[in-house]
Amino acid sequence: MNRLSPFNVVSLTLGFAFLYLPMLILVIYSFNKSKLVTVWAGFSTKWYGELLQNEAFLDAAWVTLKVAVVSSTFATILGTMAAYTLVRGGRFFGRTLFSGMIYAPLVMPEVITGLSLLLLFIGIGMDRGVVTIVLAHTTFSMCFVSVVVSSRLMSFDRSLEEAALDLGATPFTAFRLITLPIIAPAVVAGWLLAFTLSLDDLVIAQFVSGPAATTLPMKIWSSVRLGVSPEINALSSILIALVSIGVITASLASKRHSLRIKREELAAARTT
Amino acid sequence: MAETVFAPWDDPNETPLITFQNVTKRFGDFVAIDDLTLDIFEREFFALLGPSGCGKTTMMRMLAGFENPTEGAISLAGKDIAGVPPNKRAVNMMFQSYALFPHLTVWDNIAFGLKRDNLSKDAVATRVEEMLKLTRLQKFARRKPHQISGGQRQRVALARSLAKAPKLLLLDEPLGALDKKLRQDTQFELMDIQEKTGTTFVIVTHDQEEAMTVASRVAVMDEGRIIQVATPERIYEGPNSVYVADFIGDVNILSGTAKPFGREMYQVDWGGGTLATAASAKPFSDGQSCHLAIRPEKISITADRPEADNAVQGKVLDIAYLGNLSTYYVELPTGQTIKAQTANTRRISRRTFTWEDPVWVSWTATAGVLLDS
Ligand SMILES: Nc1ncnc2c1ncn2[C@@H]1O[C@H](COP(=O)(O)OP(=O)(O)O)[C@@H](O)[C@H]1O
Ligand SMILES: [Mg+2]
């Protein structure tokens, strides 16, 4: 192993401090006994207990979860279909335009996306609530899914699909039995991305939600405006923990998988 | 009893399995296949041979249904197959990259095509077992493609493409990824399987030895056109052009002008000091430019002037020792070099010739082929 030079040590420390110090402080203060956020008064887990009693937060969490699961599922289906058509559809009229247009929402300011969706829902006379949030989240996260899936499709060996056709599969069967299982990791990654985007969204939800539907980020935002409470810190810490567990499990699983494949390939090469 | 020779291409009563009729394929402005006409017969082992980019894969893809000809017609068993999608053709292809389905086991890879035909479970299982046995893969049925070696993968790809008993099997450089020894074993295995199953094989290769070994007929291609189609023997001994002579095996080309000299005999002025005497059934006019192609193994090398139709003196420039053979590069006083090949039939014999030795190279009037282009 190489030793790091002092310069590397300094830049590494600074960089990671910059990234993680705010979160660390948040987590530490979530265990603060005092109600005052900035004064340390000893260790306690009471805010976690109180959080579980808080119906408003629990409701908001439930709404968020529902919205995230449903919208990311729709976004994954639509995004995968779009990616498949754009990558595999051959040269059809307007393909370049469509490929460009699928990326546009990625850079579009959320305020504009939110506003235009709001105008649309008002225009067609749709009651705002959970349904409109789901629709809005599906709209903006499907392009992220499409980007993830199409980059996988571009590196996908086309001859696998041709082999399936050659063996008598219809194009749809070839997609279902060959393409989809192979690109599944990218589809799952796209789903997870859409899921976190939906969990995370505040701006668009603010625009398109109605009085009956409040998501967790909206709830946190509105409580913070009345002053930061240790309860919010506790809630945020739980979210951080959940996300970390998710990321670590996913990366460990994929690492173990690729190690196993490599081992088996080596074993196969030896027994030639 | 004389064994009947397999030569349907010489029999006017035979109808070909595949016909290319003036087929042209363009990609944009680029002409990949140029007005190509060709017949391939049932039970043939037909080899397409040519340099990289000459259109071999494109021909296969047109047969499999992944590309359609821009002009002309391709028919299979008498039916025009233009527009028939790949999944509706009784043609299977073994891909250059094998294209094994990485998430399926060897067994399921082989069963994939059979399941598409709505066969019963038992029928599928029986056929898969048969294929596993044919390709000696029984032990690996439950493995995934990444868990087997390159040679085994190649056999899985073959078994998968043979499982549906296609009328025509296309093999696109099937042995390209194997090392030389495994390659030779597999070539014989392929010939064996082809004979057992009676399937028509069209194989693409850029290895001329491979084409000569396996094929009933070889087509030599260049830039989207077929230059010559013939049996391996005919292609080697009677190439129709300098391109084919040069592409298949090693050859000496003596270029010059022809001068008729008796019945089907010519003298070639090739600037080698003496005139070369050559027999040719193909007529040449007086002064017509021509090329005399002679294989190195048909040229003898001796210390003294031999009694031969053609003999010239030179000195040994270089010797390539190949184990079983040695090739001598003999430089003539005119600066030209002639390759002569001898078999090393004796072990540890003293080399007869060494560098700079003056020698005679000689060949008979029928040793070479006289070509006009
Ligand atoms: N889909 C395609 N689009 C454009 N050019 C192509 C396409 N497929 C093949 N070609 C071109 O056609 C020529 C012949 O290709 P190919 O049949 O693959 O050659 P080979 O298999 O003999 O090496 C090559 O020059 C290749 O670049
Ligand atoms: Mg090729």
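The values are calculated or read from the model by the stated rules, or taken from the named source; none is laboratory data. It should be emphasised that the depicted structure is a prediction, and the values quoted were computed from it without experimental measurement. Positions of Cβ are backbone-derived with ideal geometry, glycine not excepted, and every protein chain shown enters the neighbour counts.
Descriptive notes on the structure:
- Residue within segment A:152-162 that is within 9 Å of another protein chain (Cβ to nearest Cβ) and more than 30 Å from B:Ala165 (Cβ to Cβ) present: no
- Options A:Phe16, A:Phe43, A:Phe74, A:Phe93; residue that is among the hydrophobic types (A, V, I, L, M, F, W, C), farther than 28 Å from A:Asp200 by Cβ and modelled with pLDDT of 85 or more: A:Phe43
- Residue match in segment B:58-68 (condition: assigned by TED's automatic domain parsing to the domain that holds B:Leu190 and farther than 24 Å from B:Thr205 by Cβ): yes
- A:Ser99 vs. criteria within 14 Å of chain B (Cβ to nearest Cβ) and surrounded by fewer than 17 Cβ atoms within 10 Å (Cβ to Cβ): no
- Complete set of residues in segment B:132-141 that are away from every other protein chain (no Cβ under 13 Å) and either surrounded by fewer than 19 Cβ atoms within 10 Å (Cβ to Cβ) or part of a helix (DSSP H, G or I) (or both): B:Leu132, B:Lys133, B:Leu134, B:Arg136, B:Gln138, B:Ala141
- When B:Asp172 is tested against (1) within 16 Å of ligand 1 (Cβ to nearest atom); (2) more than 20 Å from A:Ser159 (Cβ to Cβ); (3) charged (D, E, K, R), only condition (2) is not met.
- Conditions (1) hydrophobic (A, V, I, L, M, F, W, C); (2) within 16 Å of ligand 1 (Cβ to nearest atom); (3) more than 28 Å from B:Ile248 (Cβ to Cβ); number of the one not met by B:Leu48: (3)
- If you filter segment A:155-210 down to residues that are touching a Leu at 6+ places or on another chain (Cβ under 6 Å) and within 20 Å of B:Ala99 (Cα to Cα), you find that the one that is surrounded by the most Cβ atoms within 10 Å (Cβ to Cβ) is A:Ile178.
- Strands (runs of 3 or more DSSP E) contained entirely in segment B:5-119, each with at least 3 residues that are in contact with an Asp or Glu (Cβ under 6 Å, 6 or more places away or on another chain) and more than 15 Å from ligand 2 (Cβ to nearest atom): B:18-27
- Flag for A:Val228 being surrounded by 13 or more Cβ atoms within 10 Å (Cβ to Cβ), away from every other protein chain (no Cβ under 12 Å) and farther than 20 Å from A:Ser72 by Cβ: yes
- Flag if B:Ile235 is under 15 Å from B:Leu171 (Cα atoms) and either in a helix (DSSP H, G or I) or within 16 Å of ligand 2 (Cβ to nearest atom) (or both): no
- Residue match in segment B:21-38 (condition: free of Cβ contacts under 8 Å to residues at least 24 places away in the same chain, over 19 Å from B:Ile235 (Cβ atoms) and either more than 16 Å from ligand 1 (Cβ to nearest atom) or among the polar types (S, T, N, Q) (or both)): no
- Any pair with Cβ under 7 angstrom, 6 or more apart, that starts in segment B:79-99 at a residue that is in contact (Cβ under 8 Å) with a residue 60 or more places away in the chain and ends at one that is more than 16 Å from ligand 1 (Cβ to nearest atom) and part of a loop (DSSP other than H, G, I, E, B): B:Ala90/B:Pro166; B:Ala90/B:Lys167; B:Val91/B:Pro166; B:Val91/B:Lys167; B:Asn92/A:Leu167; B:Asn92/B:Lys164; B:Asn92/B:Pro166
- Unmet criterion (only one of (1) within 16 Å of ligand 2 (Cβ to nearest atom); (2) within 9 Å of chain A (Cβ to nearest Cβ)) for B:Gln152: (1)
- Given (1) closer than 30 Å to B:Thr57 by Cβ; (2) at pLDDT below 90, index of the condition B:Glu233 fails: (2)
- Any chance B:Ala64 is at the interface with chain A (Cβ under 10 Å from one of its Cβ atoms), aliphatic (A, V, I, L, M), crowded, with 17+ Cβ neighbours inside 10 Å and touching a Ser or Thr at 6+ places or on another chain (Cβ under 9 Å): no
- Matching residues, segment B:173-223, being among the small types (Gly, Ala, Ser), within 16 Å of ligand 2 (Cβ to nearest atom), touching a strand residue (DSSP E or B) at 6+ places or on another chain (Cβ under 9 Å) and assigned to a loop (DSSP other than H, G, I, E, B): B:Gly176
- Within segment B:187-227, the set of residues being within 16 Å of ligand 1 (Cβ to nearest atom) and over 18 Å from B:Phe95 (Cβ atoms) comprises B:Gln208, B:Ala211, B:Val218, B:Ala219, B:Val220, B:Met221, B:Asp222, B:Glu223, B:Gly224, B:Arg225, B:Ile226, B:Ile227.
- Verdict on B:Val128 being more than 24 Å from the chain's Cα centre (by Cα), assigned to a helix (DSSP H, G or I) and surrounded by fewer than 21 Cβ atoms within 10 Å (Cβ to Cβ): no
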